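Visitor: Got a structure for you, written out below as structure tokens; questions coming shortly.
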Amino acid sequence: MLRHAFVKWWNQFDTTKAEQDKVKIWFKAHPEFLKAADLETSMFLNQKSKLTTFLARSKSKEHLTKNLKEVLQLLQDHKEGYSSSKKEDAKSTSSSDDFY
């Protein structure tokens, strides 16, 4: 099966709007889009992305099952480590998470 793809360019689009200086000016005018998500959400999304990539590499059902078991084990280990690190965080202000 042969697929044909094409891109239709919009001739009326002003490409000068995408210049680096103009993009910087736009972000200065709209600083709410520069705000980073909260740390917990960022860490969750990063972990989710890594796990999705890891699972996508599965070549067979058996390999997928093995990978899912590994992922579940990692998540359980991380959850146990996270709950104990929360207790430590209450005692100290600095902690590092090796999982990320």
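The values are calculated or read from the model by the stated rules, or taken from the named source; none is laboratory data. All values reported here derive from a predicted model rather than from experimental measurement. No Cβ is skipped: glycine too gets one built from the backbone with ideal geometry, and neighbour counts run over all protein chains shown. Side chains included, ligands, DNA and RNA excluded: accessible areas come from the protein's heavy atoms. Shrake-Rupley method; radii C 1.70, N 1.55, O 1.52, S 1.80 Å.
Visitor: Can you tell me which residue in the range 39-54 is farthest from the chain's Cα centre (by Cα), limited to those that are among the hydrophobic types (A, V, I, L, M, F, W, C) and open to solvent by 100 Å² or more (accessible area, probe 1.4 Å)?
Guide: Only one residue fits best here, namely LEU39.
Visitor: For ARG57, all conditions in the list (1) within 21 Å of HIS78 (Cβ to Cβ); (2) under 16 Å from the mean Cα position of the chain (by Cα); (3) open to solvent by 100 Å² or more (accessible area, probe 1.4 Å) hold save one; what is the number of the exception?
Guide: Status for ARG57: all satisfied but (2).
Rundown of residues vs (1) open to solvent by 100 Å² or more (accessible area, probe 1.4 Å); (2) in a helix (DSSP H, G or I); (3) at pLDDT 85 or above; (4) not polar (S, T, N, Q), yes/no style:
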| site | (1), (2), (3), (4) |
| --- | --- |
| LYS24 | yes, yes, yes, yes |
| ALA37 | no, no, no, yes |
| GLU70 | no, yes, yes, yes |
| ASP97 | no, no, no, yes |
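Visitor: If we scan the range 75-83, do we find a residue that is in a helix (DSSP H, G or I), open to solvent by less than 90 Å² (accessible area, probe 1.4 Å), at pLDDT 80 or above and not acidic (Asp, Glu)?
Guide: yes
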